[in-house]
Amino acid sequence: MDDYLVGVLSNIGIISFVALSAYVLLLAGEMSFGQQAFFAIGAYAAGIGTAMMRWSLAPALLLGAMVGALAATALGRATLRLSGLYFAIATLAFAEMVRIVFELCTWQIDIGGTLVGPKGTDGFGDIRYLFENEITPAQYLCAIYLLLALVLAAFMVVDRSRFGRALRQAGADPVLAELQGVRVVRVRLVAAAAAGALGGLGGGLYAHLLTYVEPRNFDIMLGVHSLAYGLIGGLGTAIGPVVGVLIDIGLLESSRLFVGYRMMVFGGLVALLLIVRPRGLLDERAVHWITTRVRDLIDAATARRRDHPLRRP
Amino acid sequence: MLDVVDVATSYGKIEALKGVSLGVAKGRVTCLLGPNGAGKSTLMFTIAGILKPRRGSIRLDGDEITGLSSAKIVARGLALVPENRLVFPQMSVKENLAAGAYQRRDAPGIAEDVERMYSRFPRLAERRDQLAGTLSGGEQQMLAVARALMSRPRVLLMDEPSLGLAPMMVEEVFRIVADLNREGVTIFLVEQNAHMALKVAHHFYLLEQGLVTFSGEPGKLAEDEVIQRAYLGSRRAEA
Amino acid sequence: MTKLAIDLVQNTLDGVMVGSSYALLALGFTLIFGTMRRLNLAYGPTIMAGAYLGTYAFLHLGFGAFPVAVLVLIGAALAGLYVERLCFRPFAQTAAMASMVSSFAVWMQIEEAASLALPRHLNAFPALVSGSLQLGPFFVRLDHLLMLAVAASATLLVHWALYRTRFGLGIRTVIDHRHAAALVGVPVTRILLLAFVLASTVGGLAGFLIAASEAQITPMFGMWATTKGLIAMMLGGLGSVPGALVGGLALGIIEAQAQWLLGPHLRDLVAWGLLFAVLALWPGGLMGAAGVDEAAAVQRRV
């Protein structure tokens, strides 16, 4: 597999985490333009973990996820009274504040002769854990997708659980949900924490892939993109946001077509797609259609087996 | 004056009106009764141009108005006083009336009509600078009627004007309906309060599940059965 | 007068002038939000499209400041028309998020188109007047003064249009209660389009004034204009026309003081922090309490 493809696929996998982060909140009925803040927080935290505290990768990624979750819960608490557009703008304001704080903060320590650590607008470089431990890009790619697969599996499981139902109820109609016994506040905070953790985890992975991050990476564009991916790929399933990322980064970034005016084409396609499918490609109806077809196929197969002459009654 | 022929309107896949035909005679009060969910408001919105019918035709004084935009229909002389009043809450009474005359360009005529509304509805005159959202239910109903009248409609549609009003206000509303009609306004009235409505109506229709099931004049036919079906729907619905 | 007092007043003066442009930006934004009930993320970029059209004419066709201004307005209006048709008109009242994401997609389109048309990062823009006026211990840039005068006139004009014309009545009914507006005979679709174009033109004027006072334009202008307009609008209250003025001026003044006290980075931090605080504490903004629940209820139907 050539390096370029590995790079693109790794990128897709990592950005999927931010997309899923925004998606969790969408399920809870909230639109966030600020998930890039947790991506940034996770990146810096995990980078500090490996490059400065000399931890190994797994605990550092966990640190990133946890700090992301904590920050998200704090934000969630502060914005409990807000919903809709007000919430969205508040998350945007928060993300920009986080980004500016990273632009202002410098914390470097001496590791074997060189200064390592975040340095304001210059960013945070020398996050070389992968090189130092001879992890190849292909191996890292597998790790990324393993984590992603676990996350998607978790989504599937949670979707069927009581919490998943409560989440969707709270998202669809909070007043009604409250009347039906759903603790909407609790649900929203848990969703916020989960989203923060996902963003933080993605950020940690991102920092190690690039070995260098700067505050500029975590701007409004990333935030709005993350939200857009869910809407393009479809809100009916957790795979939707991943599909959205795939379409943007996969199809367009790596295709040699439209070089120079790629964004114009992509923008136009997205706008047209949304007119036809306002809830994305894999919207709730499409997912329902697919699952019923699959269920029919399974029923047909098992029914046939039941009628098999050699089967004992 | 207003002829509705075989109008069918759907919300997505749900057929709310399945082929409604009725007529509103000039200078008279025609009433549409029916249980909740029968499609009365849907019919009103279709006639007013808010909804587009899937088939059928609507004619105002012989002119086809089916499928026209609501703005054009108001210009042609048909105004709707909607269910729940729908006044402009952040605008004053005066501005609400001005909005009602949006399709008119004759400023002196509009000013004259505003004064006429103030004398017909003194309570509105008292509150002319008050925000419509702060008026009481009855006052909002009067404002909604006055606003609709500002367009000098040939036919006035009224959707459940007595809804949510105290009994005294309900009587007031029907008195206004009768007064307007006496002055020559053609009125097509949708009502839940069948008892009061039949007192002012010259002709009525019963709408059940998207179809007209009864047509007649008050006092001539079995009103009790009609009123019962208007409130509860016919037994056929449960079959 | 003490040095501190002089500085504070000077900052306030500067802030009011810059704030007048912010107010115009917020005014356009709020007109769109008031009528559409959703956020136009392509707002700044449509202004930038107009500004780039003007810059192109300035650099390649030698147009002067006034013709450039006209071109900027036309460009912004046309770009606004494009956005309204593609991103807002096709969406029913419940697909709010789709239209916002769609406007974001167009944002990307316009940014790229601008970079293609004028590939350099920094592009010269015609300046208006140069020099400053001295009033006692205070200095006032002449072009800033002009900016204030034009912005104030434009605001008055918009106010006149909204409250003294039939068109304005139509817009206000649509803002107040779209359904009822249709019932009284207001041509809602047409009003929405015209309001959008008006808003884009007002934004275009703001864009021209700002670019002229900086004498340059960069591709970052789109995002910058959206951010400033957004913050100013939210400070004053979503969907509130007087709020746009209050919010714009407040933002201008606070930014001027913050920059003087803390430097440019912290200035931006203060702006965002202020917005966050206002949202967390008074979601309705400094002026518009009524807007909160309705907007929230509408947005919930995402």
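Check the stretch C:88-99 and report whether any residue there is in a helix (DSSP H, G or I) and closer than 21 Å to C:F221 by Cβ. No, the stretch C:88-99 contains no residue that is in a helix (DSSP H, G or I) and closer than 21 Å to C:F221 by Cβ. Residues of the stretch C:1-10 include none that is in contact (Cβ under 8 Å) with a residue 40 or more places away in the chain, within 14 Å of the chain's Cα centre (by Cα) and not in a loop (DSSP other than H, G, I, E, B).
Report yes if some residue within the stretch A:101-118 is more than 14 Å from chain C (Cβ to nearest Cβ), crowded, with 24+ Cβ neighbours inside 10 Å and not in a strand (DSSP E or B); otherwise report no. No, the conditions are met nowhere in the stretch A:101-118.
Out of B:P82, B:P53, one residue alone is at the interface with chain C (Cβ under 8 Å from one of its Cβ atoms) and either under 19 Å from B:L22 (Cβ atoms) or buried (at least 21 other Cβ atoms within 10 Å of the Cβ) (or both). It is B:P82.
Of the residues A:V24, A:V67, which single one is more than 12 Å from chain C (Cβ to nearest Cβ) and under 29 Å from A:D173 (Cβ atoms)? A:V24 is the lone residue from the list that is more than 12 Å from chain C (Cβ to nearest Cβ) and under 29 Å from A:D173 (Cβ atoms). Filtering the stretch A:23-45 to residues that are out of contact with any strand residue (DSSP E or B) (no Cβ under 7 Å at 6 or more places or on another chain), of a type in the set (G, A, S) and either closer than 16 Å to A:N217 by Cα or modelled with pLDDT of 95 or more (or both) leaves A:G34, A:A37, A:A40, A:G42, A:A45.
The number of residues in the stretch B:96-124 that are touching a residue at least 12 places away in the same chain (Cβ under 8 Å) and within 11 Å of chain C (Cβ to nearest Cβ) comes to 10. Residue check: C:V70 meets all listed conditions (1) among the hydrophobic types (A, V, I, L, M, F, W, C); (2) in contact with a helix residue (DSSP H, G or I) (Cβ under 6 Å, 6 or more places away or on another chain); (3) more than 11 Å from every other protein chain (Cβ to nearest Cβ) but one, namely (2). The set of residues in the stretch C:15-67 being polar (S, T, N, Q) and either under 23 Å from C:F196 (Cβ atoms) or out of contact with any helix residue (DSSP H, G or I) (no Cβ under 9 Å at 6 or more places or on another chain) (or both) consists of C:S20, C:S21, C:T30, C:T35, C:N40, C:T46.
Selection of the stretch C:83-106 for residues being under 19 Å from the mean Cα position of the chain (by Cα) and either within 13 Å of C:L192 (Cα to Cα) or facing chain A (nearest Cβ under 7 Å) (or both) yields C:V83, C:E84, C:C87, C:F88, C:F104, C:V106. Just a yes or no: is a residue in the stretch C:107-123 more than 10 Å from every other protein chain (Cβ to nearest Cβ), farther than 20 Å from C:T35 by Cβ and assigned to a helix (DSSP H, G or I)? Yes; the residues of the stretch C:107-123 include at least one that is more than 10 Å from every other protein chain (Cβ to nearest Cβ), farther than 20 Å from C:T35 by Cβ and assigned to a helix (DSSP H, G or I).
Keeping to the stretch B:70-125, report how many residues are touching a strand residue (DSSP E or B) at 6+ places or on another chain (Cβ under 8 Å) and among the basic types (K, R). The qualifying residues number 1. Taking the criterion of being more than 14 Å from chain A (Cβ to nearest Cβ) and more than 14 Å from the chain's Cα centre (by Cα), the residues of the stretch C:208-249 that qualify are C:A212, C:S213, C:E214, C:A215, C:Q216, C:I217, C:T218.
Each row is one residue, and each column tells you yes or no for (1) within 30 Å of B:Q103 (Cα to Cα); (2) surrounded by fewer than 24 Cβ atoms within 10 Å (Cβ to Cβ); (3) without any contact (Cβ under 8 Å) to a residue 24 or more places away in the chain; (4) of a type in the set (A, V, I, L, M).
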| position | (1), (2), (3), (4) |
| --- | --- |
| C:H179 | yes, yes, yes, no |
| C:V186 | yes, no, yes, yes |
| C:L193 | yes, yes, no, yes |
| C:G204 | no, no, no, no |
| C:G207 | no, no, no, no |
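A:G223 meets the stated requirement of being more than 25 Å from A:F131 (Cβ to Cβ) and either crowded, with 24+ Cβ neighbours inside 10 Å or in contact with a strand residue (DSSP E or B) (Cβ under 9 Å, 6 or more places away or on another chain) (or both). Being over 18 Å from the mean Cα position of the chain (by Cα), part of a helix (DSSP H, G or I) and modelled with pLDDT of 90 or more holds for only one residue in A:V151, A:V175, A:V187, A:V158, and it is A:V187. For the stretch C:70-85, name all the residues that are surrounded by fewer than 23 Cβ atoms within 10 Å (Cβ to Cβ) and either aliphatic (A, V, I, L, M) or touching a strand residue (DSSP E or B) at 6+ places or on another chain (Cβ under 7 Å) (or both). Hits for the stretch C:70-85 are C:V70, C:L73, C:I74, C:A77, C:L78, C:L81. The residue of the stretch A:144-160 that is farthest from A:G199 (Cα to Cα), among those that are in contact with a helix residue (DSSP H, G or I) (Cβ under 6 Å, 6 or more places away or on another chain) and of a type in the set (V, I, T), is A:V158. Identify the single condition in (1) at pLDDT 90 or above; (2) in a strand (DSSP E or B) that B:F45 does not satisfy, given that it satisfies every other one. In the conditions (1) at pLDDT 90 or above; (2) in a strand (DSSP E or B), B:F45 misses (2) alone. Within the stretch A:55-64, is even one residue hydroxyl-bearing (S, T, Y), part of a helix (DSSP H, G or I) and more than 14 Å from chain C (Cβ to nearest Cβ)? Checked against the condition, which is being hydroxyl-bearing (S, T, Y), part of a helix (DSSP H, G or I) and more than 14 Å from chain C (Cβ to nearest Cβ), the stretch A:55-64 yields no hits at all.
The values are calculated or read from the model by the stated rules, or taken from the named source; none is laboratory data. Not measured: the values here are computed from a predicted model. Neighbour counts run over all protein chains shown; Cβ positions are idealised from the backbone, glycine included.
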